[in-house]
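**Student:** Quick one: the structure is below, questions incoming.
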Amino acid sequence: MNIFRLAGDMTHLMSVLVLLLKIHTIKSCAGISLKTQELYALVFAARYLDIFTHYYSLYNTVMKLIFLGSSFSILWYMKRHKVVRRSYDKDQDTFRHHFLVLPCLVLALLINEKFTFKEVMWTFSIYLEAVAILPQLVLLQRTRNVDNLTGQYVFLLGAYRGLYIINWIYRYFAEPTYSTHWITWISGLLQTLLYADFFYYYINSVKNNVRLQLPA
Amino acid sequence: DSKVEKHDEL
């Protein structure tokens, strides 16, 4: 564990807490893509299959439980909660995210580190996470005014994998036994690059203290 | 195989 990895995990945790805070306190999920939330729940379900079979550290296990629990409770809020679900704008959240799942699964079957069920599912989760934010980014461009909490949520979600990239660079030079992880590295890089224009507009909106508006 | 087992990140 290094500071970049810890910062990445804390940033990821913050993004989830910001989203839960928004949904739980103001009972609204306006501007949040349910499809991205569904994709993320699938990412965690596929990635943490080994949560009960492969104990690595208490920290990892606790964090996996938090990410699994929060992502599924966000789904519950957005689909079942009588007040919250009314604020979900399904007419705007139209990205056909099913078209993301199958290609990622096929790619995981073709390109993986070991052809076992758990390893293919883990690889699938890596590919899927790289594109999971797309429905949310498309929704942001459609909804004119992005509220602060939604903007912070997306920013933190994008930043966490960026910090992981620094963690991988650090580990590559600092840990002699750390081997290459091309699948994780390339997917993580593509994932972070997808946020590039969002980061640009978000940082400008914070700097100029104006509402975040992505160009149509 | 060590790297497969070592999915030590989240």
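The values are calculated or read from the model by the stated rules, or taken from the named source; none is laboratory data. Note that this is a predicted model, so its numbers are computed, not measured. Neighbour counts are summed over all protein chains in view; Cβ atoms, including those assigned to glycine, are modelled from backbone coordinates with ideal geometry.
**Student:** When you look at A:Ile126, is it part of a helix (DSSP H, G or I), among the hydrophobic types (A, V, I, L, M, F, W, C) and surrounded by 19 or more Cβ atoms within 10 Å (Cβ to Cβ), yes or no?
**Tutor:** Against the criterion (part of a helix (DSSP H, G or I), among the hydrophobic types (A, V, I, L, M, F, W, C) and surrounded by 19 or more Cβ atoms within 10 Å (Cβ to Cβ)), A:Ile126 qualifies.
**Student:** Quick one: count up the residues across segment A:42-93 that are at pLDDT below 95 and among the basic types (Lys, Arg).
**Tutor:** Residues flagged as at pLDDT below 95 and among the basic types (Lys, Arg) within segment A:42-93 amount to 1.
**Student:** Moving to a separate point now. How many residues are more than 9 Å from A:Thr11 (Cβ to Cβ) and either surrounded by fewer than 19 Cβ atoms within 10 Å (Cβ to Cβ) or among the aliphatic types (A, V, I, L, M) (or both) if we restrict to segment A:144-167?
**Tutor:** The number of residues fulfilling the criteria is 9.
**Student:** Name the residues in segment A:62-78 that are surrounded by 16 or more Cβ atoms within 10 Å (Cβ to Cβ) and either within 14 Å of the chain's Cα centre (by Cα) or within 14 Å of chain B (Cβ to nearest Cβ) (or both), would you?
**Tutor:** Across segment A:62-78, the qualifying residues are A:Met63, A:Lys64, A:Ile66, A:Phe67, A:Leu68, A:Ser70, A:Ser71, A:Ile74.
**Student:** Given A:Tyr178, A:Tyr202, A:Tyr153, A:Tyr164, which one is touching a helix residue (DSSP H, G or I) at 6+ places or on another chain (Cβ under 6 Å) and without any contact (Cβ under 8 Å) to a residue 24 or more places away in the chain?
**Tutor:** After applying the criteria, what remains is A:Tyr178.
**Student:** Considering only residues that are within 11 Å of another protein chain (Cβ to nearest Cβ) and among the hydrophobic types (A, V, I, L, M, F, W, C), look in segment A:122-143 and name the one that is farthest from A:Gly158 (Cα to Cα).
**Tutor:** A:Trp122
**Student:** Say we look at segment A:105-115 and pick out the residues that are out of contact with any Phe, Trp or Tyr (no Cβ under 9 Å at 6 or more places or on another chain) and within 14 Å of another protein chain (Cβ to nearest Cβ); which of these is farthest from B:His7 (Cα to Cα)?
**Tutor:** A:Phe115
**Student:** Moving on to the next point. Is at least one residue of segment A:160-175 out of contact with any strand residue (DSSP E or B) (no Cβ under 6 Å at 6 or more places or on another chain), under 15 Å from A:Leu212 (Cβ atoms) and more than 14 Å from chain B (Cβ to nearest Cβ)?
**Tutor:** Checking segment A:160-175: not a single residue is out of contact with any strand residue (DSSP E or B) (no Cβ under 6 Å at 6 or more places or on another chain), under 15 Å from A:Leu212 (Cβ atoms) and more than 14 Å from chain B (Cβ to nearest Cβ).
**Student:** In addition: Are there any pairs with C-beta distances below 7 angstrom linking a residue in segment A:184-195 that is more than 15 Å from A:Ile111 (Cβ to Cβ) and within 14 Å of chain B (Cβ to nearest Cβ) to a residue that is of a type in the set (S, T, N, Q) and surrounded by fewer than 20 Cβ atoms within 10 Å (Cβ to Cβ), with the two at least 6 apart or on different chains, and if so which?
**Tutor:** Partner pairs satisfying both residue conditions: none exist.
Residue-wise test of (1) within 23 Å of A:Met10 (Cβ to Cβ); (2) under 21 Å from the mean Cα position of the chain (by Cα); (3) among the aliphatic types (A, V, I, L, M); (4) buried (at least 19 other Cβ atoms within 10 Å of the Cβ).
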| position | (1), (2), (3), (4) |
| --- | --- |
| A:Tyr172 | yes, no, no, no |
| A:Thr177 | no, no, no, no |
| A:Thr180 | no, no, no, no |
| A:Ile186 | no, yes, yes, no |
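**Student:** If you don't mind, another one. For segment A:190-205, give me each residue that is in a helix (DSSP H, G or I), surrounded by 16 or more Cβ atoms within 10 Å (Cβ to Cβ) and under 14 Å from the mean Cα position of the chain (by Cα).
**Tutor:** Those that are in a helix (DSSP H, G or I), surrounded by 16 or more Cβ atoms within 10 Å (Cβ to Cβ) and under 14 Å from the mean Cα position of the chain (by Cα): A:Gln191, A:Thr192, A:Leu194.
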